Amino acid sequence: MMVTQQPRRRDAAATREAILDSAVEAFTRAGYDGAGVREVAAAAGVTAMLVNRYFGSKEQLFAEVVDRSFAPPTIVGSTPAALAAQLAEALVARTDPTAAQLSPFLLMLRSAGNPRAAEIMRDAISRHVGARLTNLLDGTDAEQRAELILALISGVWLMRDIIATPALTSADPARLTARLTEALQALSNTGPHHASS
């Protein structure tokens, strides 16, 4: 008599990782609206039903992708005294025309048009890079100054790496780093007008 075979056990952790890897690639390339659960599932070698079983919905899958993408430090260093110089140096290196494009920025850029995706990214930025940066800043309005620094970083990234404006793409890296350090230093320090407040 034939013994009924048990279905082959899947490694749940490995399956989850494969889905997340596929989702990071899909959402980074096509944005929240352009990527579909079926496409993510196919690239991971699973069914869309299994993706939903692991993550619940496309929105929840995106939230995990954003969390995974924004959690590791990519630009913000850990030394408060050298923060502006570290940020400037990392930004110039990461936006060099020959450098590989950074997934979190592309993920943000390509998904920002969807209000729910923007809300998810706003929360992740606040919990990860925003919190790291705010904690490195002394004085008043640290959170506001952290977001201004992130806005400057994003603007440089957009202009130099995505739009590739000629003055920024052809800039001497050392001079560009020095100028960015000055701008970032101004935002990193508490200005004199805050001293009495």
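The values are calculated or read from the model by the stated rules, or taken from the named source; none is laboratory data. The structure presented is a predicted model; accordingly, all values stated were derived computationally and were not measured. Cβ coordinates were reconstructed from backbone atoms using ideal geometry, including for glycine residues, and neighbour counts include every protein chain displayed. These accessible areas exclude ligands, DNA and RNA; they are computed on the full protein's heavy atoms, side chains included. Shrake-Rupley method; radii C 1.70, N 1.55, O 1.52, S 1.80 Å.
Structure data summary
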{"read-out": "Sequence of 159, 121 from largest to smallest accessible area, 1.4 Å probe", "value": "159, 121"}
{"read-out": "Net charge dipole size for the chain [Lys, Arg +1 and Asp, Glu -1 on Cβ; Debye, nearest 20]", "value": "600 debye"}
{"read-out": "Per residue value of the accessible surface for region 102-145 (all protein chains in place, 1.4 Å probe), Å²", "value": "51 Å²"}
{"read-out": "Highest-MSF residue in the chain out of 48, 117, 88 [GNM, Cα springs under 10 Å]", "value": "48"}
{"read-out": "Cα-based helix-to-principal-axis angle, 83-94 vs the chain, degrees rounded to 10", "value": "50 degrees"}
{"read-out": "Degrees separating the helix 115-127 axis from the principal Cα axis of the chain, which is the longest one", "value": "60 degrees"}
{"read-out": "Angle between the chain longest axis and helix 173-188 axis [Cα atoms, degrees, rounded to 10]", "value": "80 degrees"}
{"read-out": "Accessible-area ranking of 16, 110, largest first, probe 1.4 Å", "value": "110, 16"}
{"read-out": "Exposure rank, largest accessible area first [53, 29; 1.4 Å]", "value": "53, 29"}
{"read-out": "Theoretical FRET efficiency, 1/(1+(r/R0)^6), r = Cβ-Cβ of residue 154 and residue 57, R0 45 Å, to 0.05", "value": "0.95"}
{"read-out": "Prolate/oblate/rounded label for region 66-182 (Cα gyration tensor, a/c 1.5)", "value": "oblate"}
{"read-out": "Extreme residue, positive dipole direction of the chain, given options 18, 167, 61 (C-beta unit charges)", "value": "18"}
{"read-out": "Rg over Rh, two decimals, the chain (C-alpha only, Kirkwood Rh)", "value": "1.10"}
